[in-house]
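Since the structure comes first, as structure tokens, the remarks are kept for the end.
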Amino acid sequence: MRERGRHSGFAAQGIAYAGGRFLPMEDATVSIATHAFNYGTGCFEGIRAYWNGDHEQLYVVKLLDHFRRLVASTRVFRIQIGHDAEELAEIALELLRRNAYREDCYVRPIAYKASPVIRVGLLGLEDAFCCFTAPMGAYLDIERGLSVTISGWRRNDDNAIPARAKATGGYLNAALAVADAQDAGFDEAIMLTGDGHVSEGSAANLFMIMNGTLVTPEVADDILVGITRGCVKAVAADLDIPVVERRIDRTELFVSDELFLCGTGVQVAAVTSVDGRPVGDGKFGDLTRAIRDRYLAAVHGEIDQYRDWLTPVYAGDHPRR
Ligand code: PMP
């Protein structure tokens, strides 16, 4: 069980973007004195693109939403990239084109404090932007249910390191939680807020299903307001599944009918046990499966209704079918 859910990670490759130009990944390096490396003063995004072989097309999911969230994060941390969300989205598209992906992949943009100086703070420092990509298949094995534990580490408070802004330094919190969970033989950690309510997974939002209703923590419960979370809400509405955003108690997880995590990386992943207690009947739930399947079809460009979620990377989007 110890190795379940563990993944060695996805390796960056090909052409990257840094210092305002496209260059080989191995040349896109920073100084060991870089402020963000020393103090965690960066914001980032994780964006997926799915290859559709029938369409001969690579579709980026919610491209502009991700860059809008990045720009919002930079406001919190006083980072000025000098590009708006639309311009950043163009850079990401060009990067994907230059890498000529014909498989599922991931885009990682980072805006950060770049000055090589020793001084805590955010003012008077040089800001930089870079972006790289990696091929990415499934992140967790989404065909089987995950076993999770409720972490003893509490989620970053909005008044400490705001989870809303996707800060590089904030992920130390997630790293502690997931590492301890895996060391204890679980796949993933669920984190509670400082006052003991359910917040989210280490890098994914949480939904619980109770009596046919989807329940997810409110945005003020120290979550990253996930873009996949928004997609799940849209899919649920189309499947006539009601969605409620409210505080969730820890023990509600033990008595829920179904539970799943969602995020760009994990996609939609069923949770089948929490601290050794089976969720519902301990099997991959029917509603979770319905939402997962519709989400995956949508992001692969297979459902016309959701095509506005997707940005095609290559010219000429001509379905063969
Ligand atoms: N919460 C955290 C802490 C995350 O890192 C992520 C992944 N970005 C999510 C939630 C899910 O967000 P999204 O659906 O936008 O990827």
Hey, can you tell me all the residues within region 218-243 that are more than 21 Å from the chain's Cα centre (by Cα) and on the phi < 0 side of the Ramachandran plot?
Ala237, Asp238, Leu239, Ile241, Pro242
What residue, of Val266, Val225, is open to solvent by 10 Å² or more (accessible area, probe 1.4 Å), within 13 Å of the ligand (Cβ to nearest atom) and in the same structural domain as Arg289 (by TED's automatic domain parsing)?
Val225
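Matching residues to (1) over 24 Å from Pro135 (Cβ atoms); (2) among the charged types (D, E, K, R); (3) open to solvent by 10 Å² or more (accessible area, probe 1.4 Å):
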residue	(1), (2), (3)
Glu218	yes, yes, yes
Ile248	yes, no, no
Thr251	yes, no, yes
Asp286	yes, yes, yes
Asp293	no, yes, yes
Ala298	no, no, no
Thr311	no, no, yes
Tyr314	no, no, yes
Looking at Arg246, Arg289, which one is under 27 Å from Gly9 (Cα atoms) and not polar (S, T, N, Q)?
Arg289
Output the number of residues of region 12-66 satisfying the condition of being in a helix (DSSP H, G or I) and open to solvent by less than 70 Å² (accessible area, probe 1.4 Å).
7
How many residues, within region 181-217, are of a type in the set (Asp, Glu), more than 13 Å from the ligand (Cβ to nearest atom) and within 20 Å of the chain's Cα centre (by Cα)?
1
The residue that is farthest from Gly9 (Cα to Cα), considering only those in region 83-139 that are assigned to a loop (DSSP other than H, G, I, E, B) and under 18 Å from the mean Cα position of the chain (by Cα), is Asp104
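The values are calculated or read from the model by the stated rules, or taken from the named source; none is laboratory data. All figures in this text were calculated on a predicted structure; none of them were measured in a lab. All Cβ positions, even for glycine, are placed from backbone atoms using ideal geometry, and neighbour counts span all protein chains on display. These area figures cover heavy atoms from the full protein model, side chains too; ligands, DNA and RNA do not enter into them. Shrake-Rupley method; radii C 1.70, N 1.55, O 1.52, S 1.80 Å.
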